[in-house]
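**Student:** Here it is: the structure, laid out below.
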Amino acid sequence: MSIASPAPQRIVLTGSTGVLGSHILNELRKRPGTQVTAIHRKKADDLRDDDTVRHELIDFSRGSGLLSLFQRVQPTCVIHCAAEGLIFPQLEWFRMVHFNVDFTLQLFELASASPGTHFIHVSTGLAYRSTGQPLRETDAMDNDHPYGASKAAADILLRSAAIEFRTHLTILRPFSFTGPGDSRTRLFPSLLRAAMEKQSLALSPGQQVRDFCSARDIARAIVPAMDARPPLSRPAIYNLGSGRAVELRELIIEIVNELKIPVKLDFGARTYGTFEPMHLVADIATARRELGWEPRHRVAHAVWQLSRESFAGLDLSEPREFL
């Protein structure tokens, strides 16, 4: 697949306040000629328009508001990064599925009605069936994890719809990531909070094999993916991860030691999650070959940046930035 020369883009972006979406927005700001309309379900005080980005509050449950926006903006590209339910109360299961599947298809339907629009869907490595080996884009989608299952369903339906309605579709499947903006319930924010509060951190035994990447690196794939517009007959799919398989226990200890994080790690204090895969690692050869992308920002530095942004009371050692 050849990467076209950069052209002006009118982009509709969802999920720009999340950890990955905020990094994607930063990447889009760097691209000349880009105009971004970031759409939101909830009002936030810290959203500011500028020469590149306009923020709009939209009722996602009402199709008329989205239709009006598409008619007005006439996007050349839709980047759908918003999702629900990576960590959720059980009662929210169906709301998660409605958003991750139904809203995604609603958004895609609007894009498919605009000739030439490129739809980029941010899926997840959790959508795959675990094989115990690095996962390729051609491997089966099949996971009992509720979030992974909902994203797999959207992934499969989008690919079918893209071919049926002749719409340019790119699917990005990021694996584990962290960095500034990471939420309070995930691994590294939990670790930093435990250090701030001088508490021990209850962890599983940590034998899960993972592939952790900087959110900044994942976001860097957006622009080349946007420019490498896939053919109408074949959606493009890219795994995004570090490509490095490491036991979670080993990774955590490595980062704690390098940053000198003052926290006691209590491995084995809790059990593994019900749907937690024991092996989740990306084969990133396709992204390297077709997008010229590969990770370069060290995860330890991403965690250090997270500490500076959200846990300023911690005085940690600054690690080397790049791989």
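The values are calculated or read from the model by the stated rules, or taken from the named source; none is laboratory data. These numbers come from a predicted model, not from an experiment. Using ideal geometry, Cβ is built from the backbone for each residue, glycine included, and neighbour counts are taken over all protein chains shown.
**Student:** Which condition breaks for residue 51 when tested against (1) among the acidic types (Asp, Glu); (2) closer than 24 Å to residue 146 by Cβ; (3) more than 21 Å from the chain's Cα centre (by Cα)?
**Tutor:** Condition (2) is where residue 51 drops out.
**Student:** With the requirement that a residue be touching a Gly at 6+ places or on another chain (Cβ under 6 Å) and buried (at least 19 other Cβ atoms within 10 Å of the Cβ), what does the stretch 51-104 give you? Explain how you work it out, then say what you get.
**Tutor:** Within the stretch 51-104, the first condition is being touching a Gly at 6+ places or on another chain (Cβ under 6 Å), and the residues that meet it are 58-59, 81-82, 96.
81, 82, 96, listed by residue number.
**Student:** Does residue 318 meet the test of being of a type in the set (Asp, Glu) and either closer than 20 Å to residue 203 by Cα or in contact (Cβ under 8 Å) with a residue 60 or more places away in the chain (or both)? Spell out how you get there, then give the answer.
**Tutor:** Values: of a type in the set (Asp, Glu): yes; either closer than 20 Å to residue 203 by Cα or in contact (Cβ under 8 Å) with a residue 60 or more places away in the chain (or both): no.
The answer is no for residue 318.
**Student:** Could you tell me how many of the residues in the stretch 215-250 are over 16 Å from residue 162 (Cβ atoms) and not charged (D, E, K, R)?
**Tutor:** 15
**Student:** To continue, here is another question. List pairs: first in the stretch 38-51 and over 17 Å from residue 12 (Cβ atoms), second assigned to a loop (DSSP other than H, G, I, E, B), Cβ under 7 Å, 6+ apart or cross-chain?
**Tutor:** Sorted first by the residue in the stretch 38-51, then by its partner, the pairs are 44/17.
**Student:** Check the stretch 199-217 and report whether any residue there is more than 25 Å from residue 21 (Cβ to Cβ), among the polar types (S, T, N, Q) and touching a Phe, Trp or Tyr at 6+ places or on another chain (Cβ under 8 Å). Talk me through it step by step, then tell me what you get.
**Tutor:** Looking only at the stretch 199-217, we keep the residues that are more than 25 Å from residue 21 (Cβ to Cβ), and these are 199-209.
Within this subset, residues satisfying the condition of being among the polar types (S, T, N, Q) are 199-200, 204, 207-208.
Imposing the further condition that a residue be touching a Phe, Trp or Tyr at 6+ places or on another chain (Cβ under 8 Å) reduces the set to 204, 208.
Within the stretch 199-217, one or more residues are more than 25 Å from residue 21 (Cβ to Cβ), among the polar types (S, T, N, Q) and touching a Phe, Trp or Tyr at 6+ places or on another chain (Cβ under 8 Å).
**Student:** Are there strands (runs of 3 or more DSSP E) fully within the stretch 1-106 with at least 1 residues that are polar (S, T, N, Q) and at pLDDT 95 or above? List them.
**Tutor:** Working: elements: 9-14, 34-40, 53-57, 77-80.
It comes to 9-14, 34-40.
**Student:** Quick one: in the stretch 164-217, of everything that is of a type in the set (Ser, Thr, Tyr) and more than 21 Å from the chain's Cα centre (by Cα), which residue is surrounded by the most Cβ atoms within 10 Å (Cβ to Cβ)?
**Tutor:** Let us first name the residues in the stretch 164-217 that are of a type in the set (Ser, Thr, Tyr), namely 167, 170, 176, 178, 183, 185, 190, 200, 204, 214.
Checking the rest, the ones that are also more than 21 Å from the chain's Cα centre (by Cα) come to 167, 200, 204.
Values: 167: 24, 200: 12, 204: 16.
Once the filter is applied, the top-ranked residue is 167.
**Student:** Hey, could you check the stretch 263-289 for residues that are β-branched (Val, Ile, Thr) and exposed (fewer than 13 other Cβ atoms within 10 Å of the Cβ) and say which is nearest to residue 315 (Cα to Cα)?
**Tutor:** Let us first name the residues in the stretch 263-289 that are β-branched (Val, Ile, Thr), namely 263, 271, 274, 281, 284, 286.
Adding the requirement that they be exposed (fewer than 13 other Cβ atoms within 10 Å of the Cβ) leaves 271, 274.
On the way: 271: 31, 274: 35 Å.
Checking each candidate, the answer is 271.
**Student:** Report every pair of residues separated by at least 6 positions or lying on different chains whose Cβ atoms are under 7 Å apart, first residue within the stretch 103-114 and assigned by TED's automatic domain parsing to the domain that holds residue 63, second of a type in the set (Val, Ile, Thr).
**Tutor:** Partner pairs satisfying both residue conditions: 107/78; 111/78; 111/117; 111/167; 112/167.
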